[in-house]
Structure formats: structure tokens, C-alpha cells
Protein chains: 2
Amino acid sequence: MSKDLIVIALGGNAIKQADQWGTTEEQLRNVDVTAQQIAKIIANGYRVVVTHGNGPQAGALLIQQEEAEQFVPAQTLAACGAMTQGQIGWAMQNRLSYHLKKAGVMSPVCTVVTQVQVSDDDPDFKDPSKPVGPFYTKDEAKQLETEKKYIVKEVKPNTDKPWRRVVPSPEPIDIIEKDSINALLSSGAIVIASGGGGIPVRQMPDDGLEGVDAVIDKDRAGFKLAQAVKADKFIILTDVENAYIRYNTPEQKALKEISIAEAEKYLEDGEFLKGSMGPKIEAAVRFVKWSKKEAIITSLHKALDALEGKNGTHIIP
Amino acid sequence: MSKDLIVIALGGNAIKQADQWGTTEEQLRNVDVTAQQIAKIIANGYRVVVTHGNGPQAGALLIQQEEAEQFVPAQTLAACGAMTQGQIGWAMQNRLSYHLKKAGVMSPVCTVVTQVQVSDDDPDFKDPSKPVGPFYTKDEAKQLETEKKYIVKEVKPNTDKPWRRVVPSPEPIDIIEKDSINALLSSGAIVIASGGGGIPVRQMPDDGLEGVDAVIDKDRAGFKLAQAVKADKFIILTDVENAYIRYNTPEQKALKEISIAEAEKYLEDGEFLKGSMGPKIEAAVRFVKWSKKEAIITSLHKALDALEGKNGTHIIP
């Protein structure tokens with residue numbers, strides 16, 4: 001019997017925690033903890049595709065690119081995305097291979113450098129909203145606006161450096177490397193793909209694909225990935241065991257199992273934090289609508305239990 | 001009939017020329033020229049695995065990492081290698097897919113983040129010889145020696161900054177992701193792998209693989225890759241159409257076809273520049289000894305002609 005195929009989307013904290021400096025060693029240790037849990041899932045009979053965020057890594061890389069600009073040119077945001085796919089993909093495939101071997105599973109693990117197509121017409125290109133890279137003073141921000149044509153916004157008022165560059169966060173349309181990802185899955189490999197939401201590319205008139213300065217939401221791209229591999233389940237891992245309504249109030253309530261209709265109602269009511277739980281629920285809903293199967297939101301350490309129905313927030317048709 | 005499988009090793013100049021600043025756009029343009037030639041080879045019926053150097057890209061990244069060290073931590077050399085695999089692999093798969101489509105070839109192109117195993121006992125760990133990253137004054141170099149335990153050497157005497165960090169360049173033993181590379185090839189994909197000589201890893205007592213601060217020669221790793229995929233031909237592309245003896249003398253002579261014995265004699269006689277043509281001839285000889293088939297050294301624009309026997313230096317059994 002063919003085993004269930006799961007797409008697992010990892011948050012940034014699976015790779016670098018907020019209070020960490022971010023050395024390679026620290027990140028490998030974090031990834032090791034994550035990989036151990038994913039190896040358990042695989043050892044329990046599931047086939048797995050892993051996708052992951054890259055916020056802290058891309059942020060660090062953008063600072064490095066900027067600091068050295070008088071010596072070597074900064075690469076584009078698309079190229080930096082590609083670099084973090086190599087960086088995080090390597091760490092993940094290295095630690096996941098290790099834990100699989102320990103668990104007696106001999107599947108190879110492979111990172112696929114992944115482009116994700118977006119549309120020029122996406123409304124987010126007109127009003128970019130995703131902050132990236134370092135924080136600036138107003139003067140610095142205005143200078144970058146002039147010199148580099150950055151779009152800058154004041155994102156943290158009343159701080160020393162309240163301004164940041166913002167870039168579009170367009171909708172993912174297609175996973176360009178889906179054939180290769182599927183070929184690897186068919187061969188029995190565990191695949192890491194579409195890191196950081198994928199390298200955003202747009203279709204050019206000459207039929208080529210061009211990298212764009214944008215950041216695709218990794219959970220939305222995770223859904224497109226789940227579609228591309230025809231996943232049986234889509235599981236989004238985050239800091240908390242469940243999604244909640246009335247979050248951080250005395251009436252806070254963990255959601256165990258909710259229908260698409262309930263999830264959409266809660267989204268409409270603003271129950272979930274924008275830029276945090278909101279996009280996860282949205283991506284989960286998209287998957288359930290498309291697959292007529294369930295999506296799960298939970299924490300890393302509850303992932304296996306959640307797959308077996310014991311834990312987590314389950315979004316069902 | 002199954003078509004010949006070729007491993008093509010590209011030099012750094014295929015991606016960034018020495019007189020270029022190194023922006024993403026410049027590198028994409030260079031890669032585009034290279035990809036167009038490789039697409040021609042594929043359109044002529046060959047199956048292809050591409051490997052490439054990363055010297056200029058890793059160099060730039062090391063400078064960026066160093067310049068920003070007070071803000072974000074520099075990643076290890078292994079992690080930087082992984083990052084350049086993402087960066088260059090993306091550029092190559094993007095431009096190669098484009099030229100393949102133009103040529104009517106629908107093969108997917110996939111970059112595999114590749115680890116290459118090395119041995120702790122490699123003599124190069126005792127006396128590292130490969131310069132990496134920025135140049136330093138003697139004082140700066142000595143400070144890095146103390147603070148970061150770098151091994152530094154004076155590599156360009158009588159200049160402002162004659163010192164550089166040197167790292168080991170150990171022999172590649174095994175391509176860790178070979179199963180995934182072969183699965184992709186079987187599915188009909190064109191594969192980009194082992195960029196920059198691969199991410200060097202060593203076997204740990206616990207059976208894991210650990211990244212090491214080293215740089216593997218990309219032509220040597222290219223031979224191990226050719227072995228791993230059972231290539232029919234190994235072609236090393238460089239600046240010149242042929243290897244020469246008595247190079248840069250009035251008696252300079254282009255080599256058309258040489259046996260292993262002749263190649264080894266010329267190597268012994270010091271006919272080939274160390275760190276340049278020397279390692280290419282060595283890697284080619286290793287391939288021919290192992291495969292009993294030919295290896296070719298030539299320039300990008302003569303590659304297809306060379307494959308058809310019209311050009312280049314052919315090393316034969």
C-alpha cells in the first residue's frame with residue numbers, strides 16, 4: 001500500500017530562534033531537533049516533502065550584502081532567496097539523513113532549488129507590504145528610496161530605526177521544478193523544496209522566467225507545493241500546539257477540529273493574527289478546499305501525534 | 001538507444017569574468033551564454049550533468065560575511081558553499097531551462113544541493129594550501145590567526161595586502177546525494193550538482209556527516225560525480241580550446257589527442273600550470289583510467305565540436 005504523502009511547512013523558529021545570534025552551529029542544532037521529529041514521522045510510514053521559511057537567514061544575508069557594498073555588489077533578493085535555499089536545505093538534508101539512518105530508514109534526502117512563478121498583475125506589486133532586511137532611520141530610508149528605488153515604510157514607530165524596505169508578497173501560481181520533485185518522490189527520496197516560499201520568478205515575453213524582488217509567503221507556497229505533489233495531508237508547524245480563538249484573552253479556546261466554513265468565519269472575524277496565524281489558516285483552508293482532505297496546524301513536538309489525530313488543530317472539509 | 005551521458009565541469013569564468021564587478025545581472029548574462037552552449041549539446045542528443053566552480057561567488061560571500069560580523073554572525077565555509085550552490089544552481093537552471101525550451105527540448109533542469117565526503121586523514125588537513133576570501137595586511141592576518149584560528153599565508157608578496165586565509169583542499173571520496181542525482185537522470189532531467197566541488201563533509205563517529213572548513217577542487221569532484229552517474233564522457237571547460245605543452249613559448253603546441261601515459265609524462269615534466277591546467281589534466285586522467293573512455297578539455301564555444309571529435313584536447317585510454 002502506498003503510504004500517505006505529507007507536506008510539512010516549517011516556521012523560521014525551526015531553524016533560528018528569535019533570541020539566538022544565528023551561527024551555523026546554532027542553526028544546525030535547531031535543525032537537528034526539527035529533523036529528529038520529521039524522521040519519526042517518516043519512520044512511522046509517511047512519505048514527506050519539507051518546506052521551510054527563511055526570514056532570519058535572508059535578513060542576515062541582506063545585512064551582510066549591504067554592509068559590504070563598497071567591496072562586492074549586493075545580489076538581488078531572488079538570488080539571496082536561492083542562497084538561503086542552499087544554506088537551509090543543506091542543514092536540513094544533513095540532519096534529516098542522520099536521524100533517518102538512526103531510525104533505520106535508508107531513504108535519500110534531497111534539496112531541490114525551487115523557483116515559484118508569480119504574476120506581474122498581482123496587486124501586491126502595486127502596494128508592497130512585506131518588510132525585509134535591516135531597520136533604518138528615516139534619513140537612511142529616504143536615501144535608499146532615492147538611490148536604490150526601494151519602497152520603504154515606517155513599520156516600528158517610536159524606535160531608533162523605525163523604517164524598513166518593503167517588497168511585494170505576490171500569490172504563488174506554480175512550482176516550476178515540480179516534475180523533478182515528483183521524480184525524486186517516485187524514487188523514494190525525501191524532498192526539501194520551495195524554501196523561503198520559493199525563488200519568485202515571472203514569465204517574460206520571450207518565454208523565459210525572470211527573478212523578481214519579492215517574497216512569497218511560505219505557507220501559501222507550501223499549499224502550491226502540496227498541490228504539485230498531490231499531498232494527502234498538509235501540516236503547518238509553528239510555535240503553538242493549536243490555533244486559538246479569542247487568543248490571549250481569558251476566554252481563549254484551542255481549536256481541535258474545524259470545518260472550512262468555521263475557519264473562514266473566524267478569519268473574517270479577525271480571530272487570527274495577520275502575518276502570523278492568519279496566513280497559516282488561509283493556506284490550510286486552500287489545501288482542504290482543493291484536496292477534500294485535512295490540513296493540520298500544530299507544534300513540532302506534537303506533529304506525529306497530530307497526524308494520528310491526537311493533537312493539533314485539524315481543518316477538515 | 002540510450003544517449004551518451006556527459007558530465008560537464010564549468011570554470012568560474014562561465015559565471016563571473018575576472019574583470020566584472022559580479023552583480024546578479026552580470027552573472028545571469030554570463031550563465032546565459034554558457035547555458036545556450038550546453039542546451040545545444042543537449043539538443044544534439046546528449047544527456048548532461050553540469051558541475052561548476054564557485055571561486056568568485058564564495059570569495060564575494062566571504063567578504064560580505066566578514067564586513068557585517070558585528071551585526072550578524074559569519075556562516076561557516078561549508079554553509080557558504082551551500083549558499084553558492086543555491087545561487088549559481090538557480091542561475092544555471094533558470095537559463096538552461098530557457099534555452100532548452102527554445103531548442104524544443106522539454107527536459108526539466110534541477111539543482112541538487114550536494115555534499116561531498118572527504119577524509120579526516122587527508123594530508124591537506126595538515127598543510128592547507130587553498131587560499132579563500134579577502135586579502136589582508138600582515139597585521140590583519142596575524143590577528144585572524146589568533147582570534148579565529150585561521151591558517152594564513154603570504155600568497156602575494158610585495159603587495160599592500162599579501163596575506164590570505166588558506167584552507168585544506170582534500171580529495172573527494174564520495175558524492176553523498178548520488179542516489180537522488182541518478183533518480184533525476186533516470187527521470188529524464190538535466191542535473192546541476194556538486195557546485196564549487198561540493199559541500200565538504202566528514203564522517204563522524206556517530207555516523208553523521210559534519211561540514212568542514214575546506215574547499216574541494218571542482219574538477220576532482222567532477223570526476224567523482226562522473227563516476228557516481230557512470231558518465232560516458234567527462235568534459236572540462238576552460239578559457240582555452242586546448243591544453244598546451246611548452247605553453248607561452250615560441251614552441252607552444254596544442255594537444256589534440258593524448259594517451260594517459262603521455263598526459264602523465266607531461267604532468268611529471270611540469271608542462272601544465274599548477275592550480276590551473278594541471279588539476280584539469282589530473283582529473284581527466286582519473287576519469288579515463290576508471291572509465292576506459294575519453295575525457296575532453298576545451299573551451300565553452302568549442303564544446304559541441306569537441307564532443308564530435310573536431311576540436312579540443314582528448315585524453316584517451
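Table for the structure above
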item: For A:I281: the one exception among (1) closer than 24 Å to A:V50 by Cβ; (2) in contact with a Leu (Cβ under 9 Å, 6 or more places away or on another chain); (3) surrounded by fewer than 18 Cβ atoms within 10 Å (Cβ to Cβ); result: (3)
item: Enumeration of residues in segment B:19-35 that are more than 15 Å from the chain's Cα centre (by Cα), in contact (Cβ under 8 Å) with a residue 24 or more places away in the chain and either under 18 Å from B:K233 (Cβ atoms) or away from chain A (no Cβ under 12 Å) (or both); result: B:V33
item: Every residue from segment B:60-88 that is hydroxyl-bearing (S, T, Y) and surrounded by fewer than 22 Cβ atoms within 10 Å (Cβ to Cβ); result: B:T76
item: Those residues of segment A:36-57 which are assigned to a helix (DSSP H, G or I) and either surrounded by fewer than 24 Cβ atoms within 10 Å (Cβ to Cβ) or more than 12 Å from chain B (Cβ to nearest Cβ) (or both), in sequence order; result: A:Q36, A:Q37, A:I38, A:A39, A:K40, A:I41, A:I42, A:A43, A:G55, A:P56
item: Some residue of segment B:70-89 being more than 8 Å from chain A (Cβ to nearest Cβ), over 27 Å from B:A226 (Cβ atoms) and of a type in the set (S, T, N, Q); result: yes
item: From the options A:L267, A:L273, residue that is at pLDDT 95 or above, closer than 24 Å to A:K130 by Cβ and not aromatic (F, W, Y); result: A:L267
item: Which numbered condition B:P162 fails, given (1) without any contact (Cβ under 8 Å) to a residue 40 or more places away in the chain; (2) assigned by TED's automatic domain parsing to the domain that holds B:T34; (3) over 23 Å from B:I315 (Cα atoms); (4) of a type outside the set (D, E, K, R); result: (2)
item: Matching option when the condition is over 22 Å from B:I192 (Cα atoms) and not basic (K, R), among B:A226, B:A243; result: B:A243
item: Which numbered condition B:E69 fails, given (1) free of Cβ contacts under 8 Å to residues at least 24 places away in the same chain; (2) touching a Ser or Thr at 6+ places or on another chain (Cβ under 9 Å); (3) not polar (S, T, N, Q); result: (2)
item: Tabulated pairs, segment B:108-133, first at the interface with chain A (Cβ under 8 Å from one of its Cβ atoms), second hydroxyl-bearing (S, T, Y) and part of a strand (DSSP E or B), C-beta under 8 angstrom, 6+ apart or interchain; result: B:V112/A:T111; B:V113/A:T111
item: Single match in B:P128, B:P200, B:P123 (criterion: buried (at least 20 other Cβ atoms within 10 Å of the Cβ) and closer than 18 Å to B:G275 by Cα); result: B:P128
item: Those residues of segment B:40-66 which are in contact (Cβ under 8 Å) with a residue 60 or more places away in the chain and either charged (D, E, K, R) or more than 29 Å from A:P73 (Cα to Cα) (or both), in sequence order; result: B:K40, B:I41, B:I42, B:A43, B:N44, B:Y46, B:R47, B:V48, B:V49, B:E66
item: Of all residues in segment B:1-17 being outside any strand (DSSP E or B) and of a type in the set (A, V, I, L, M, F, W, C), the one that is modelled with the highest pLDDT; result: B:I15
item: Filtered residues of segment B:258-286 (kept if farther than 19 Å from B:V7 by Cα and charged (D, E, K, R)); result: B:E262, B:E264, B:K265, B:E268, B:D269, B:E271, B:K274
item: Of residues in segment B:217-251 being surrounded by fewer than 24 Cβ atoms within 10 Å (Cβ to Cβ) and within 13 Å of the chain's Cα centre (by Cα), the one farthest from B:I297 (Cα to Cα); result: B:D217
item: Residue in segment B:89-102 that is surrounded by fewer than 20 Cβ atoms within 10 Å (Cβ to Cβ) and in contact with a Pro (Cβ under 6 Å, 6 or more places away or on another chain) present; result: no
item: Flag if B:P168 is surrounded by 15 or more Cβ atoms within 10 Å (Cβ to Cβ), within 22 Å of B:L225 (Cβ to Cβ) and more than 9 Å from chain A (Cβ to nearest Cβ); result: yes
item: Residue match in segment B:154-161 (condition: within 22 Å of the chain's Cα centre (by Cα) and under 27 Å from A:R29 (Cα atoms)); result: no
item: Candidates B:G104, B:G81, B:G133, B:G86, filtered to the one that is on the phi > 0 side of the Ramachandran plot and modelled with pLDDT of 95 or more; result: B:G104
item: Subset of segment A:276-317 (residues that are in contact with a Pro (Cβ under 8 Å, 6 or more places away or on another chain) and not in a helix (DSSP H, G or I)); result: A:K292, A:K293, A:E294
item: Residue among A:K292, A:K274 that is surrounded by fewer than 12 Cβ atoms within 10 Å (Cβ to Cβ), within 30 Å of A:A43 (Cα to Cα) and without any contact (Cβ under 8 Å) to a residue 40 or more places away in the chain; result: A:K292
item: Enumerated strands (runs of 3 or more DSSP E) restricted to segment A:65-156, each holding at least 2 residues that are aromatic (F, W, Y); result: A:130-136
item: Residue check, B:Y98 within 14 Å of chain A (Cβ to nearest Cβ) and more than 30 Å from A:M92 (Cβ to Cβ); result: no
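Yes or no, residue by residue, for (1) in contact with a Pro (Cβ under 9 Å, 6 or more places away or on another chain); (2) of a type in the set (G, A, S):
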residue: B:M106; (1), (2): no, no
residue: B:V112; (1), (2): no, no
residue: B:S129; (1), (2): yes, yes
residue: B:V152; (1), (2): no, no
residue: B:N158; (1), (2): no, no
residue: B:W163; (1), (2): no, no
residue: B:S169; (1), (2): yes, yes
residue: B:E177; (1), (2): yes, no
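Table: residues versus (1) among the small types (G, A, S); (2) under 30 Å from B:S186 (Cβ atoms).
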position	(1), (2)
B:A35	yes, yes
B:V48	no, yes
B:Q70	no, no
B:G86	yes, yes
B:G89	yes, yes
B:A103	yes, yes
B:V116	no, yes
B:P128	no, no
B:L144	no, no
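Conditions (1) in contact with a helix residue (DSSP H, G or I) (Cβ under 7 Å, 6 or more places away or on another chain); (2) at pLDDT below 95; (3) of a type in the set (D, E), marked per residue:
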site: B:D207; (1), (2), (3): yes, yes, yes
site: B:G211; (1), (2), (3): yes, no, no
site: B:V229; (1), (2), (3): yes, no, no
site: B:I235; (1), (2), (3): yes, no, no
site: B:E257; (1), (2), (3): no, no, yes
site: B:K289; (1), (2), (3): yes, no, no
site: B:K293; (1), (2), (3): no, no, no
site: B:I297; (1), (2), (3): yes, no, no
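The values are calculated or read from the model by the stated rules, or taken from the named source; none is laboratory data. Model, not experiment: these values are computed from the prediction. Every residue, glycine as well, gets a Cβ built from its backbone with ideal geometry; the counts of neighbours run over all protein chains shown.
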